[in-house]
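Chemist: Take a look at the following structure, please.
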Amino acid sequence: MDGANGCYFDTIGALSSMSGKEIAAQLQRLQKNPSESECRSWENSIPILVSVLHQAGLDALTLVLEYLTPIGNRIDAVLLGEEQKTGRPLVLIIELKQWSDIGENPDCQQSMVSVCISRAENRFEDRMHPVQQTLTYAKHLRRNHSNIADGKMEVRCLQFLHNFEDKSNLFQGAYDAYAPLQHETYGKGEEEKLASDLRLLFSPRPRPDVVEQFLSGTHVLGQVSFQDLKAVLERKENAVMLDDQVEVNRKVCSMIDQLHSPQFGKHLCIISGPPGTGKTVVGLHILYAYCLKYGPSEQNKGGGIFSLPRSRTLSQVIEGASGISPVYLNTVPPGRDLVVVDEAHRIEQLDTTMTKLFQKARMVVVLQDDRQRIRLTEEGTLERFQQFAKRHNIPCTTCFLASQKRSGYLGSYVFDLDQLLYERREQPLERLSALELRCWDDLNDLDKHLHQLAAAKRHVKWYAPLCWEWNHNRKKNDIVIRQASGTFEKPWNPANEQYAWYLGEKSRDLDRVGCIYTAQGLEFDDIGVIWWDDLRWDADAHNWRFEPSEDQFPTSIRKGPANQRDIEELVLNTYRVLLTRAKSSVHIWFRDHATQEHVRQVLDF
């Protein structure tokens, strides 16, 4: 039977009467362009699983295949029924693998496994450890599935590697952290044991109500919120980590374990990644791991601190949401164990700032992205951090995040933007993203649409580059754009009360346009963006034309070709930041028609 989002479900009895080809055909019908290898996997692995479940006497239970979660992952199989001993609704996550062996792990990765993709070519690729995969799925369901998060259902995990002969390899060396969960993994030759264990776990009677509750449940994606800062300082875990976040977190947490050893000394950890990759999620998990080991903040006397270079808006938002006032770098108190610095690309006078910081802290974790710098005075690039560490003989670890997490995965959206902006891409890209992109010809029509979204309880904001004077007079509209349908007029966002503006609980808050300085570090459901004349596409020159505003880049500081190139990069960075604030939809109005057509062609919308 067909389920939502391309999953297929039926009873074990019904599935056991189908061949692998028939099951694969049903999934092919429901999903968009599955790969040949994926189809072969369905054809080979699912019948083996179904056979074991049939052997366990669970024909009346329902198996959901290829269940899509809002974070963009598909769970191979989910068995639904009730627990034998308690009678409680039970959701069993099953990860199927065709692996027969794994490769060496010279980098001692803790959550990634080198898997042989082709013996003939001796080709290996890194894959997430199957136990970690199911842990992530389970955590996500427990936190974000409406009929599981409230405690109505119990969630368990199982990994079935039906071609894998020596599963102990998955729990040795760097993978020993997963050893306590080895009993959840079954390899080749353990089919009878798996059937026996399932027979003891599940009641054989059907539970259609559990199937209905599971398939009809709604999801609220657990994006990191600034409320989590208070939680982590109280040793309460925050949002679900995914993909490369897990490996980065494990690497940094292994350092935290050694933080109080005499030989530790100082350490700089750089976590770099574009918007939407979850740098803040990892940063908060690192604080959580610190507090878990050394005690909550009131016990370790603030030994772990969340800090910002500067940002009045972000500071007010964090304090308003969590009740915790982020510490600015210049006010970090001495004697700290760990300082996590968010938005570290905004650091000015980097050498002086970091020197003073390391006089107060043993370990510093900076979360940064070179392409989110928007001022000439901002020096927090990856290269500058690494150079600082080298000059001061401070051990430095660099970690990179690539997978897009926002909006249940932005997919290729940020990569595509980078191709458009920095690589001067002219040919259409095959955009792989659930994010809605829409172009508008009339600002007033777009404004009405954004207000309709806000009325539907969406978190919505207007944004524009800093191309208009900011007179700080609330009664005067700084942004005035004349068009055929009538003049579009808006003031900038307020200089004060920025947390209230961020929340947007009043209609007037949407009518106050955010600028680049009030965009960094924040995210919304939907945004409207004004694309002005400071950045236009010149089709004849196959390049961007830059006319930066006096307010952001005064003529007095444009002193030469090198300086001008820096300014041009910062203009591109400004648009990149503005266009990556949304989780659901981005709506753009262009001043220049040629630029509009170029962007629409390349981003394919």
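Every number here is computed from the coordinates shown, using simple stated rules; none is lab data. Nothing here was measured: the structure is a model prediction, and the numbers come from that model. All Cβ positions, glycine included, derive from the backbone under ideal geometry; neighbour counts span all protein chains shown.
Chemist: Looking at (i) 38.0; (ii) 30.4; (iii) 28.3, which value of mean projected area of the Cα convex hull in nm² comes from a calculation on the structure shown?
Modeler: Here mean projected area of the Cα convex hull in nm² agrees with entry (ii).
Chemist: Excluding residues on the same chain fewer than 8 positions from K266, give the aspartates and glutamates whose Cα lies under 13 Å from its Cα.
Modeler: D337
Chemist: Can you check what the net charge comes to around Q258, using other residues whose Cβ is under 15 Å from the Cβ of Q258 (Lys, Arg +1; Asp, Glu -1)?
Modeler: So the surrounding residues net to +3.
Chemist: Can you tell me the orientation of helix 279-294 relative to the chain, as the angle in degrees between its alpha-carbon axis and the longest Cα principal axis, to the nearest 10?
Modeler: In the chain, helix 279-294 runs at an angle near 70 degrees to the longest axis.
Chemist: Restricting to lysine pairs 8 or more places apart or on different chains, what number in region 4-216 have Cα atoms under 20 Å apart?
Modeler: 10
Chemist: Only sites in a loop by DSSP and with at most 10 other Cβ atoms within 10 Å count here; which chymotrypsin sites (Phe, Trp or Tyr not before Pro) in region 570-601 make the cut?
Modeler: none
Chemist: Can you pull out the trypsin sites (Lys or Arg not before Pro) in region 442-482 whose DSSP state is coil and whose Cβ has at most 13 other Cβ atoms within 10 Å?
Modeler: K457, R474, K475, K476, R482
Chemist: Further question on the same structure: Whats the longest run of the chain with zero GluC sites (Glu not before Pro) that are DSSP loop and have at most 16 other Cβ atoms within 10 Å?
Modeler: 299-422
Chemist: Where both partners of a DSSP beta bridge lie in the chain, what percent of those bridges are antiparallel, to the nearest 5?
Modeler: Counting only bridges with both partners in the chain, antiparallel ones make up about 40 percent.
Chemist: Of K457/K506; K461/K583; K251/K360, which sit over 18 Å apart, Cα to Cα?
Modeler: Too far apart for the 18 Å limit: K251/K360.
Chemist: A further question follows. Quick one: length gained pulling S168 to E22 fully straight, 0.36 nm per residue minus the C-alpha distance?
Modeler: 49.2 nm
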